[in-house]
Amino acid sequence: MSERDNKSSDSRSGDNRSGDSRGNSGPGGFAGAGGFTGPRQQQPRPKPMKVSASGVRYIDYKENESLRRLMSGNGKLQSRKRNTATALEQRMIAQAIKRARYMALVPYVNVTQ
């Protein structure tokens, strides 16, 4: 077998360790900077829920910044899935945002131009 035949048989075998023209590296093709690295790990968001000295859980409607993080850019409430809140916490978040809106601490609608 000549050297030329040996090279052509290596390229057809699929064991191209130097990477192919598509940018995939290795036999699996998914390793490296441009490939699939697995599911994205997200940092858990801090909960706005506080606990009083008597053990009662509450959300303070006077804290603008923590409430703004729970709202979308347009001023709507974000979903439970996005807030990582339980049903009880989501109801408390909604009530706190409604109170803050009534007291004019957060806007009803954010106008973007």
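The values are calculated or read from the model by the stated rules, or taken from the named source; none is laboratory data. Quantities reported herein were computed from a predicted structural model and do not represent experimental measurements. Cβ placement follows ideal geometry from the backbone for every residue including glycine, while neighbour counts extend to all protein chains displayed.
Against the criterion of being surrounded by fewer than 14 Cβ atoms within 10 Å (Cβ to Cβ), under 13 Å from I97 (Cα atoms) and over 15 Å from the mean Cα position of the chain (by Cα), K62 qualifies.
Which of the residues that make up the range 47-59 are of a type outside the set (D, E, K, R), over 25 Å from the mean Cα position of the chain (by Cα) and surrounded by 11 or more Cβ atoms within 10 Å (Cβ to Cβ)?
Scanning the range 47-59 gives a single hit, Y58.
Among all positions in the range 47-68, there is at least one residue which is among the acidic types (D, E) and touching a strand residue (DSSP E or B) at 6+ places or on another chain (Cβ under 7 Å).
For the range 78-91, the candidate set comprises residues that are over 21 Å from P107 (Cα atoms) and part of a loop (DSSP other than H, G, I, E, B); within that set, the residue that is nearest to the chain's Cα centre (by Cα) is T84. So F36 passes all but one of these: (1) in a helix (DSSP H, G or I); (2) at pLDDT below 90; (3) surrounded by 10 or more Cβ atoms within 10 Å (Cβ to Cβ). Which condition number does it fail? If we test F36 against (1) in a helix (DSSP H, G or I); (2) at pLDDT below 90; (3) surrounded by 10 or more Cβ atoms within 10 Å (Cβ to Cβ), just (1) comes out false. Candidates in the range 50-77 are the residues that are part of a loop (DSSP other than H, G, I, E, B) and in contact (Cβ under 8 Å) with a residue 40 or more places away in the chain; of these, the one that is nearest to E89 (Cα to Cα) is Y61.
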